[in-house]
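Please read the structure below before turning to the comments.
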Amino acid sequence: MNRKVLSKLCKFSSTTTRSSQDKDKIQSRIAIGTNRLSTPQPHGTFPSVIATAIQNNINTFETTLDKEEEMRRGMTDAIMFLDDSDGSSPGEKFHFREKSLKVIGKISYRTCTNIECGDADGNDDKSSSQRLQGDVLQEQNHARGDKSNINNHAAQTTTTIYHNLSPWFIRETISKSPLVEMYQNLAPVDLIYCAHNPEAQGTEMIMKDAPLEDVREHVKETLIRAFITFEQLVGEQKIGSYGVCSNGLGLSSSHPMHLSWEDVLAASAEAARRVHGDVLGGGVADGEGAGNEHVNHFSTMQLPVNLLEIHGLKVANRVKDYLASPHAKDIAGMPLPNQVQIHSTRPLTCYPDRGTGTGYPFKLVDYLIPTAEDGSGKGWSHDFRGIPAFYTTVLNETMAHFDATPLLEIKEEEGRELTMEERETLDGCKLLQSMIHDLDANLSSGHLRSFAAYEEDLYTKVIPMMHGTFEELDANSAAVLQRFFQAHGTAVRYSIAKTTRQLLKQGGDGVQRYDIPDDMTMQEFAIRFLLEQQCDGEYAKGQQQCDGEYAKEPSIDRIIVGCPKAEHVIEAV
């Protein structure tokens with residue numbers, strides 16, 4: 001990495017100060033998720049985000065399987081840059097404590113195409129025969145490429161997604177992971193691997209209407225085998241600890257895809273007993289290993305928690321209070337983890353199906369949108385009193401462009417029937433005006449909640465309908481429509497943000513009411529809300545204060561936010 005490039009990209013970090021101990025605490029509870037860094041980025045963006053985060057007292061970073069190499073290089077470059085640069089003040093070198101930076105990877109999903117599986121004929125049966133030990137089918141998509149070439153069998157592709165937490169698959173993944181090399185070579189880095197959505201191991205049983213008790217017992221046994229492998233990998237110094245990242249932890253016990261936190265902790269305890277049984281002398285309560293709280297290396301629970309998915313807060317409180325109980329470590333004579341960090345995933349993203357289906361997500365955010373069509377000014381959606389004025393201008397001009405009144409006047413004034421081409425143009429204009437009218441009406445309907453759903457509807461319904469109506473649009477008409485859709489996209493963002501804010505403020509239908517200040521963005525309110533949540537149990541206590549009282553233990557230890565750019569890190573903290 002060119003150091004000058006990284007210095008330039010990290011310029012935003014110089015605008016922040018650490019003025020108080022309280023601010024440091026709040027910043028340290030933000031974690032950076034790198035999923036949004038999967039979009040094309042300028043050279044050096046990845047390490048600049050990491051370096052800026054570290055400079056702002058953030059020490060936890062989450063990555064996905066396909067971004068592990070970028071994380072390794074980005075973390076290496078960031079540490080080298082900071083180790084050779086000033087710290088929080090000129091002339092002060094940045095010092096790293098050993099294993100002070102947490103990097104979290106995930107294991108479970110793998111994608112396979114029929115071509116990769118050796119089936120060039122697109123035969124589903126052959127593809128399914130390539131399933132690995134421990135594979136559980138999650139999804140299968142078929143794509144047929146160029147349909148004009150009937151002899152091109154290779155163009156017919158089936159993509160299959162499997163979920164796998166078998167010991168073999170875990171070891172295979174770890175053996176190829178660039179994060180392990182990073183962990184072993186960079187002293188400041190600690191590596192945590194999470195079993196991702198372990199409840200998905202029960203998918204096929206659920207589809208076959210197996211009893212839920214059997215499904216959950218199967219998932220638990222799968223977890224025990226996976227955790228045994230993780231415990232062994234810790235002993236081999238390939239990872240520092242392990243955990244779970246699960247949508248199921250945030251679901252109620254009645255949901256088929258629910259994952260019990262009790263089962264997770266019990267699985268970790270059983271895995272620790274089987275791996276370290278000779279050290280423990282049969283359990284924590286007896287023998288040489290008594291009192292060794294670090295034998296169980298389970299360290300992390302990640303689950304969805306946001307303003308609309310709050311069940312995870314109850315889970316967090318119960319886990320922390322349970323582990324703090326004086327009786328917890330004696331249960332079944334098995335070692336429980338000394339401490340488990342609770343991480344909130346998706347703090348600004350909610351799924352109608354709680355992340356268990358294919359429903360489109362909607363964001364608990366306000367948008368920074370243009371105040372003028374040329375983008376010369378921008379403002380936050382919550383500061384607008386209505387849809388940006390330029391949208392109405394663009395709408396009216398678009399409707400006028402596709403006004404077919406002159407064609408009707410020709411028919412009346414000239415007393416002749418319209419030609420075939422003129423009739424097609426008339427019908428096309430009427431259809432386009434109707435479509436544009438419907439798109440405009442949707443803005444005030446209150447039904448727009450997901451920009452992803454809006455885009456899907458646009459690309460699968462609206463645009464194909466336009467192409468079906470007009471074989472070819474003239475350049476001027478195409479430019480008019482492009483201009484409209486750009487302006488309409490801005491109006492949609494405003495409308496979605498307004499509807500979401502009203503939903504949160506009014507509550508009802510299972511939604512808690514939130515008193516969101518009019519001058520605060522929803523994302524700031526959502527993050528603050530999570531930071532302020534405290535354990536209310538009998539045993540979970542925070543640090544003892546100077547007056548002898550205990551501060552409340554926070555429910556959430558880390559809130560994982562996506563920050564594609566260094567300046568977004570500054571906004572997050």
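The values are calculated or read from the model by the stated rules, or taken from the named source; none is laboratory data. Please read these numbers as outputs of a predicted model, since none were measured by experiment. Ligands, DNA and RNA are excluded from the accessible area calculation, which covers all protein heavy atoms including side chains. Shrake-Rupley method; radii C 1.70, N 1.55, O 1.52, S 1.80 Å.
At a glance:
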item	result
Members of 102/498; 208/461; 106/314 lying beyond 30 Å, as alpha-carbon distances in this model show	102/498; 208/461
Accessible area in the full protein assembly, largest first, 1.4 Å probe, for 80, 257, 465	80, 465, 257
Exposure ranking of 320, 238 by accessible area [1.4 Å probe, largest first]	238, 320
Calculated diffusion of the range 180-229, Stokes-Einstein form, Kirkwood radius summed over Cα pairs, 20 °C and 1.002 mPa s, µm²/s	166
Accessible surface, 1.4 Å probe, highest first, among residues 437, 447	447, 437
5 angstrom amide H check on residue 157, placed H, neighbours 5+ away	143, 144, 145
